[in-house]
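Report on the following structure.
No value in this document is a laboratory result; all are computed from the given coordinates. Owing to the predicted nature of the structure, the values given are computational and were not obtained by experimental measurement. Please note: Cβ atoms are built from the backbone with ideal geometry, for glycine as well, and neighbour counts cover all protein chains shown.
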Amino acid sequence: TQLLEQSPQFLSIQEGENLTVYCNSSSVFSSLQWYRQEPGEGPVLLVTVVTGGEVKKLKRLTFQFGDARKDSSLHITAAQPGDTGLYLCAGEAVSNYQLIWGAGTKLIIKP
Amino acid sequence: GAGVSQSPSNKVTEKGKDVELRCDPISGHTALYWYRQSLGQGLEFLIYFQGNSAPDKSGLPSDRFSAERTGGSVSTLTIQRTQQEDSAVYLCASSFSGGAGEQYFGPGTRLTVT
């Protein structure tokens with residue numbers, strides 16, 4: 001069974017600081033998705049990374065897929081209160097193409 | 001176009017009662033998922049429908065939980081004899097192609113069992 005560990009579980013920082021969220025596994029994934037969820041809403045896809053070593057940027061957010069496709073990170077530069085939310089990673093299982101979900105990182109950016 | 005819709009948005013029920021939660025996926029999406037999410041936590045997979053294939057029920061926590069999808073569109077998740085531990089947000093998502101394709105989520109149904 002493939003597992004995806006996400007860390008930290010909770011992060012509260014001041015506006016303007018940088019942060020990194022990690023998703024790690026001992027298994028290889030075909031691709032990895034990052035979602036953001038705001039209170040009272042469902043998760044919304046931010047990005048999908050497919051190739052080992054791939055880096056994608058979305059404004060102040062930088063997503064990286066590990067070379068071995070076992071891990072991924074989300075780095076936010078100069079965090080803003082609008083970045084507050086629950087960040088979820090989900091890896092595509094090699095065996096059955098289904099998504100394996102991380103437990104989420106609750107991020108709070110204080111003004 | 002319209003996104004995924006779920007109803008009701010909130011449901012309070014007494015322990016032991018049955019509840020039905022409804023999901024209207026995006027038109028044309030062949031795949032439909034149900035998840036459960038405890039407060040601020042990650043997603044717990046419940047069940048997956050893909051086209052006319054038999055659903056993947058591997059995530060259903062007990063035989064009190066069941067789901068159906070009629071005509072390849074609307075889905076209903078039924079919880080019988082609800083227990084307090086069933087309290088959570090139930091999220092529905094649909095996907096154009098299933099598998100690891102992008103999932104579009106509804107706003108969820110918050111279920112509270114008293």
**OP:** With only Lys, Arg, Asp and Glu charged, each at its Cβ (+1 for the first two, -1 for the last two), find how big the charge dipole of the protein assembly as shown is about the Cα centre; round to the nearest 20 debye.
**Re:** 160 debye
**OP:** For segment A:29-111, state which trypsin sites (Lys or Arg not before Pro) are in a DSSP loop and have at most 15 other beta carbons lying within 10 Å of their beta carbon.
**Re:** A:59, A:60
Original post:
Roughly how crowded by other chains is peptide B:103-109, in terms of the mean Cβ count from those chains within 10 Å of each of its Cβ atoms?
Top reply: 4
**OP:** Report the paramagnetic label zone for residue A:10: residues of segment A:73-89 whose backbone N is under 18 Å from a point 7 Å from Cα along the Cα-to-Cβ axis.
**Re:** A:84-88
Original post:
At a Förster radius of 41 Å, what calculated FRET efficiency corresponds to the Cβ-Cβ distance of residue B:53 and residue A:20, to the nearest 0.05?
Top reply: 0.55
Original post:
Mind checking the mean number of beta-carbon atoms from other chains within 10 Å of the Cβ atoms in A:99-108?
Top reply: 3
Original post:
Leaving out same-chain residues fewer than 8 places away, which lysines sit with a Cα under 27 Å from that of residue A:59?
Top reply: A:70, A:106, A:110
Subject >> Cα lying deepest toward the dipole's positive end in the protein assembly as shown, options A:105, A:37, A:51, charges on Cβ >> reply: A:37
